[in-house]
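The values are calculated or read from the model by the stated rules, or taken from the named source; none is laboratory data. Model, not experiment: these values are computed from the prediction. All Cβ positions, glycine included, derive from the backbone under ideal geometry; neighbour counts span all protein chains shown.
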């Protein structure tokens, strides 16, 4: 039933152009360096592994097997491959118009097909080489990286089932490690919940590896996505990872900035302002969603300092202010970091009803390792609050809500970031 519907959608002009397309593809391959100089220059910068994937995905799978699948009854496999391949073929149309026109047609047909057959789509599909697809609408339309698409059982033009089994084993082992680490990290803090399925975790991890993100970056992005207050669905996180690597890193500035010139001017103004206040500006960073999505609400600013300097800021601000409700002043001067932490746990966990709100704010700073420019009574870093307000007025488009001081290797030392 599904294939009859799909086949009817792809009839007519698309099929009549098949001969032209095959001919055009061959010309495209023969004259690739000449006809696609920009693509060729980018291709030469890739690693041998990425070059192999580009060739396998861009020519072998898309050019021939996708089209053959449509003709020979590849059903959902062909449809999935088509919606992926059409996007790349449409881009190739900038080099060869015939391919581009056909690619545009395939996109429109694929999108229409998805709308019509979504309700009857099977949840799982097993390919000829024994691989199981988790069939989801977003996967079909949004994932630009074909997986296990070859009708002959090979993957990406490299070698067949043994390659797939080894890769699946590696992914399974990697997933287990990542998932355990994420669960442990989530259990240590409030406001986080594991919200991704195993299939979604695999897709996120594979995207990270494809983009050459470090293990730490992948771990931190997974952690960020599980925050209860601002959860990030798997498909959005995958897109945000791509935005970070292929948009923000390449152009050199975050979203919300008009251009690189504004970003550089802002960086200079921020560093100068902190220096004028006598505040450490040696490790100032932009973190958060402005590095990953054009829909970011604000630009997150954080400065990282040593544990000793951090503790000294808190001690100087809260000296004589950490009290019990009975009025007893708790001496915090000359306490070590370990002793400060023990006191903070006493205030917040062991005996919270006995301490004032000021004492609890102090304790939260000790444990969370974060000093906010929003804090007013007392202002922990003198002048920081007013400077943040002035900076926000100069750059209203950035919606600067806070400048935070944190400690390195602390809970909030999270990647990715841009160091100013």
(request) Report yes if residue 266 is outside any loop (DSSP other than H, G, I, E, B), within 23 Å of residue 397 (Cβ to Cβ) and at pLDDT 95 or above, otherwise no. (result) yes
(request) Name the single residue, out of those in region 357-372 being surrounded by 19 or more Cβ atoms within 10 Å (Cβ to Cβ) and more than 27 Å from the chain's Cα centre (by Cα), that is nearest to residue 338 (Cα to Cα). (result) 366
(request) Inspect region 149-166 for any residue being more than 18 Å from the chain's Cα centre (by Cα), assigned by TED's automatic domain parsing to the domain that holds residue 230 and at pLDDT 60 or above and give the result as yes or no. (result) no
(message) Checking the structure you have, find out if any residue of region 196-210 is within 14 Å of the chain's Cα centre (by Cα), under 23 Å from residue 374 (Cβ atoms) and either modelled with pLDDT under 95 or surrounded by fewer than 19 Cβ atoms within 10 Å (Cβ to Cβ) (or both).
(response) no
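A quick yes/no check of all residues on (1) assigned by TED's automatic domain parsing to the domain that holds residue 278; (2) touching a residue at least 12 places away in the same chain (Cβ under 8 Å); (3) closer than 30 Å to residue 419 by Cβ:
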position: 312; (1), (2), (3): yes, no, yes
position: 333; (1), (2), (3): yes, yes, no
position: 349; (1), (2), (3): yes, no, no
position: 375; (1), (2), (3): yes, yes, yes
position: 384; (1), (2), (3): yes, yes, yes
position: 389; (1), (2), (3): yes, no, yes
position: 393; (1), (2), (3): yes, no, yes
position: 402; (1), (2), (3): yes, yes, yes
(message) Against the conditions (1) in contact (Cβ under 8 Å) with a residue 24 or more places away in the chain; (2) within 19 Å of residue 381 (Cα to Cα), where does residue 275 fall short? Just the number, please.
(response) (1)
(message) Being surrounded by 13 or more Cβ atoms within 10 Å (Cβ to Cβ) and at negative phi: is that true of residue 350 here?
(response) no
